[in-house]
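Below: the structure, in structure tokens.
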Amino acid sequence: MSSALFDLTGRTALVTGAASGIGARLAVGLAEAGADVGCLDLDTQIDHAENTAATIRSLGRNATALTGDVTDAASIEAALDTHLRQLARLDIAVNCAGINHSCPAEDMADADWRRVIDVNLTGVFTCCRAEGRHMLKTQGGSIINIASMSATVANRGLLQAHYNASKAAVKHLSTTLALEWARRGIRVNSISPGYIATPMISGPEWKPKTDRFAEDTPWDDSELPTTSSAPPCSSPATQLATAPGPTYSSTAALPAGKDVCARLGCSSSTPDRWRACSGRAVAPA
Ligand SMILES: NC(=O)c1ccc[n+]([C@@H]2O[C@H](COP(=O)([O-])OP(=O)(O)OC[C@H]3O[C@@H](n4cnc5c(N)ncnc54)[C@H](O)[C@@H]3O)[C@@H](O)[C@H]2O)c1
């Protein structure tokens, strides 16, 4: 990636779910492009969020670890206030916090359905609303929501009706907010990663499934991509964050209202398909 083209120097980002996995990698990726970053996660994960912030500081950028629960609007508003006090600006928000859970639909408890929808969907809306209110005042910003390939495809063997439904809704929420806010200076997009080996899918119960994903990967690779081996995750976020102008258009190269597929290592994509998908959605203007 060209650093001149994707330069975030002088910009400030807030990343939720920044203590672990994809969120931690995205936070560092934005810092590598020059941004200062607020790293938000649950208070139980503050040490890990602090580790992400320390990595960012070691790159010469400013970073702060913030506690917040995306299911609690007051805690997100308070975290955003702290972010603005400590880092002064909010140009980019990456809403990555999420959970997974597996259960056959016919046995699913109401509480499990609600928990996944609360964190993955309502949590993203709660963050977008707080970030959007601030960005509307400052008349500019880029919001990037982390959906999933499960927003679009239902993968064999995964019993996660609530997760898939939440991610499909995040994708459409992003398009809808893009339409509402594009003319007022805010671009909203989503990224749909494929499987990436993070704590979310690394428990023993996931082993048979991840073995199968790796087996189905359409090239000679026995491992799932990790957050260090999978560039599609950090590069679309940086590319979306650096995009010029708030344009809602189906043809603009770096628009608002787009879902960028970053699929690697999954049965439903091939390298060619990934390249085609990624190239179309994120190629610079
Ligand atoms: N790993 C994959 O294969 C994959 C694929 C597609 C999409 N995703 C999505 O990417 C995002 C990150 O997933 P990951 O794989 O890095 O998982 P992860 O478990 O490593 O990280 C998720 C982070 O979100 C935080 N979080 C959970 N609930 C929260 C809450 N209520 N408030 C604030 N923070 C909260 C967790 O503490 C954790 O740090 C999720 O939205 C996930 O659905 C992951």
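FYI, it's all coordinate maths here, none of it is from the lab. Values in this document were obtained by computation on a predicted structure and should not be read as measured data. Every residue, glycine among them, receives a Cβ derived from its backbone with ideal geometry; neighbour counts consider all protein chains shown.
At-a-glance table
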| read-out | value |
| --- | --- |
| In order through the stretch 45-62: 3J(HN,Hα) via Karplus (6.51 cos²θ - 1.76 cosθ + 1.60), integer Hz, x for Gly, Pro | 10, 4, 5, 6, 5, 5, 4, 4, 4, 5, 4, 5, 4, 5, 8, x, 9, 8 |
| Per-residue ³J(HN,Hα) for the stretch 155-161, Karplus 6.51 cos²θ - 1.76 cosθ + 1.60, θ = phi - 60°, Hz, x for Gly and Pro | 7, 4, x, 9, 9, 8, 4 |
| Lysines whose Cα lies under 16 Å from that of Lys171, excluding same-chain neighbours fewer than 8 positions away | Lys258 |
| Around Ala147: net Lys/Arg minus Asp/Glu count, Cβ-Cβ under 10 Å | +1 |
| Long-range amide H partners of Asp259 with built H, under 5 Å | Ser190 |
| Table column - 3J(HN,Hα) (Hz), the stretch 198-208, Karplus curve with 6.51, -1.76, 1.60, x for Gly and Pro | 10, x, 4, 10, 10, x, x, 5, 8, 3, x |
| Span from the the stretch 50-95 Cα centroid across to the the stretch 122-194 one, whole angstrom | 19 |
| Distance-filtered residues of the stretch 155-195 - backbone nitrogen under 15 Å, label point 7 angstrom along Arg114 Cα→Cβ | none |
| Residues with amide H under 5 Å from that of Leu66, placed H, sequence gap 5 or more | Cys39, Leu40, Asp41 |
| Long-range HN-HN contacts of Gly141 with modeled amide H, under 5 Å | Arg187 |
